[in-house]
Amino acid sequence: MERQDGQMPTLLQYENVAWYEAGRVRILDRRIYPTRVEYVDCWTYQEVAQAIADMVTQSAGPYTAAGMGMALASEQSKGFSPGERVAFLEQAAETIATARPTTANRMRLITESCVKAAKTALDQQADPTETIKQMTIDSLNRRYFIMNKVAGYLIDQIPDNGTVLTQCFGETIVGMLLRRAKEQGKKLRFFCAETRPYLQGARLTASCCAEMGFDTTVVSDNMIAYIMTHEKIDLYTSAADTIAQDGYIANKVGTYQIALLANRFGIPYFVTGIPDVDKKTQADITIEMRDPAQVMEMNGIRHTSTRVKAIYPSFDVTPPELIGGIVTDRGIYSPYDLASYLGEQPKNTFY
């Protein structure tokens, strides 16, 4: 398949997401972008797992990093016997998949597929490293292709000269929505919630929107009610790190409170993504608790007293009654009827 990242913003070009080459995985450091454009070089799969845990890459970026990390693990084990190599890859698969707990189910789909592909390559006396790398590129192409379909359904919900409120960084859907808007000649305004404490909305989503030529305004997380009062917001949208079959979704912490405000102001909220086959209800969603120090400082400068403490739940869960629709590659589904989607496609092919 032809590469699907044409005319996409810098952050979403394949080599800038995560890329394996010559014994290393290079990942664009999204923690400091766009202030500085720097890469983190990982020379072992353990370093890739740590980079994922440290949020060097976020949103869907870890899915690509996971695949490229598995290619690196294959290279690390090239001097082993076939059996030892498979065992090494199985350990790498679990280490990378569990780097962030909330998305471990999705990550395992990737890493376990890499192990399976490596076994086949070894049986055929082919190079498993190149096999895994190509499979990761194929996965990128597939995800971009699918999210382009999702963007087609989402863009139809936004009027020309419309205004969109975003939360966090929805990775591929952000770029695809922007590209679709440009193709259709739609003029859109974007308000991007900054998304504390890592500021993904301010640094990543806003950078993509501005780079693609759209009117882009960053607002702090506590300005949402003001913006909804004084600006005509046509649509609120976010991706989801997981979508349970009962219609509950988990996304970057703060998504729920914006959904509550959108409901109060009569603004439709559309979630983009593919329902998870192994998350039956909200009870199956694990909330990752991160280092609270990240809440008490910014860019290495502490801004709280040493006498106070903090908490950092990385995600929150939004209930289906606040969601106008789940936008998928086959249309917009009610959050109360995700069984219809899964009945048509019982196995995830997105990752």
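The values are calculated or read from the model by the stated rules, or taken from the named source; none is laboratory data. In this text, all values refer to a predicted model and were calculated from it rather than measured experimentally. Methodologically, a virtual Cβ is constructed for each residue, glycine included, from the backbone with ideal geometry; neighbour enumeration extends over all protein chains shown. These accessible areas exclude ligands, DNA and RNA; they are computed on the full protein's heavy atoms, side chains included. Shrake-Rupley method; radii C 1.70, N 1.55, O 1.52, S 1.80 Å.
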inquiry  = A 22 angstrom limit on the alpha carbon distance is what I want to check against. Which of 78/133; 119/149; 149/182; 133/279; 186/232; 116/252 exceed it?
reply    = 119/149; 133/279; 116/252
request  = Evaluate the Debye formula for the stretch 158-344 with equal point scatterers sitting on the alpha carbons, no solvent, and hand back log10 of I(q)/I(0) at q = 0.09, 0.11, 0.13 Å⁻¹, in q order, two decimals.
outcome  = -0.33, -0.50, -0.69
note = Sorted on mean Cβ neighbours within 10 Å (highest first), peptides 63-76, 155-168 come out as 63-76, 155-168
key: Separation in nanometres of the label points that stand 7 Å from Cα toward Cβ, at residue 120 and residue 220   = 5.3 nm
note = With a 1.4 angstrom probe the carbon and sulfur portion of accessible area for the stretch 45-117, in percent, totals 53 percent
inquiry  = Probe of 1.4 angstrom, ligands and nucleic acids ignored: what's the accessible area per residue over the chain, in square angstrom?
reply    = 42 Å²
request  = Please find, in a Gaussian network model of the chain (springs between Cα atoms separated by less than 10 Å), the residue of 238, 81, 220 whose mean-square fluctuation is greatest.
outcome  = 81
ask   = What are the radius of gyration and Dmax of the stretch 57-115, computed over its Cα atoms and given in Å?
value = 11.3, 36
query = Of 129, 217, 195, which has the largest mean-square fluctuation in a 10 Å C-alpha GNM of the chain?
reply = 217
request  = Please identify, among 55, 223, 135, the residue showing maximal mean-square fluctuation in a Gaussian network model of the chain using a 10 angstrom Cα cutoff.
outcome  = 223
ask   = Say R0 is 45 Å: what FRET efficiency, to the nearest 0.05, do residue 43 and residue 340 get from their beta-carbon distance?
value = 0.45
Where labels lie 7 Å past Cα in the beta-carbon direction, separation of residue 277 and residue 291 in nm = 3.7 nm
task = Among (i) 58, 40, 37; (ii) 65, 53, 40; (iii) 72, 57, 42, find the value of Cα extents along the principal axes in Å that was calculated from the structure presented, and write down its label.
result = (ii)
Cβ-derived FRET efficiency at R0 30 Å, residue 182 paired with residue 134, nearest 0.05 = 0.50
ask   = Counting only DSSP beta bridges with both residues in the chain, what percent are antiparallel, rounded to the nearest 5?
value = 50 percent
